[in-house]
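K.L.:
Handing you this structure, nothing more for now.
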Amino acid sequence: LQETNIKGEALDRDYEVQKTALAQQLQAMYTAGDQSHLRLLLRQEDPSDISRNLRYFEYLNSHRMKRIQKIDKTRQDIEETRQAAAKERLSLASLSTTLEEQKKALQSTLDAREQKLGLMKTDLRSQKRQLTKLKQEETQLLSKLEHLAQQREQTAILQDQNPPSK
């Protein structure tokens, strides 16, 4: 788009230069006098002067027509450049919209993942607390089992020392 804009600006400047040059040429023709080319030619008495003047007028007319054609071509180029810039702006706007939609979709996915991660962390903390609680209960149970085993041993020792009487 920048390249198109630069090209358009260059064409605008060239167009203005061409219009100014044509205006100067037309102004010079106007200030040369009200006499038509035909009247100037008819006043000439020397045929070589007439031929030379005709050639001169043909050259000026040809040059003027080339300038007009060049101005017209430049004007067409400016219009094409403006249309290309408009198409590029539309394309860029479409791309911008697409990128914005993709950004929103990605942000939505990211938010959903962060939410799931938060839930997983909460779940993991809960499981760690449960594991710690289970380990404490295991330790307590082992301690009770050990205590019961000791009591059983003591009971068995006492029974061995004091046989039951019949």
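The values are calculated or read from the model by the stated rules, or taken from the named source; none is laboratory data. Small disclaimer: the values here were computed from a predicted structure and weren't measured. Neighbour counts run over all protein chains shown; Cβ positions are idealised from the backbone, glycine included.
K.L.:
How many of the residues making up the range 11-26 are of a type in the set (A, V, I, L, M, F, W, C), surrounded by 14 or more Cβ atoms within 10 Å (Cβ to Cβ) and at pLDDT 85 or above?
P.N.:
The number of residues fulfilling the criteria is 1.
K.L.:
Please go through (1) modelled with pLDDT of 95 or more; (2) part of a loop (DSSP other than H, G, I, E, B) for P163 and return the number of the only condition it doesn't satisfy.
P.N.:
P163 satisfies every listed condition except (1).
K.L.:
Could you list, ordered by first residue, the pairs with Cβ atoms under 8 Å in which the first is in the range 69-86 and over 12 Å from T4 (Cα atoms) and the second is of a type in the set (S, T, Y) and part of a helix (DSSP H, G or I), at least 6 apart or interchain?
P.N.:
I71/Y15; T74/Y15; R75/Y15
K.L.:
Shifting gears a bit: Tally time: how many residues in the range 11-24 are closer than 17 Å to Q76 by Cβ and touching a helix residue (DSSP H, G or I) at 6+ places or on another chain (Cβ under 9 Å)?
P.N.:
7
K.L.:
Would you check if there is a residue in the range 113-128 being assigned to a helix (DSSP H, G or I) and either touching a helix residue (DSSP H, G or I) at 6+ places or on another chain (Cβ under 8 Å) or of a type in the set (G, A, S) (or both)?
P.N.:
yes
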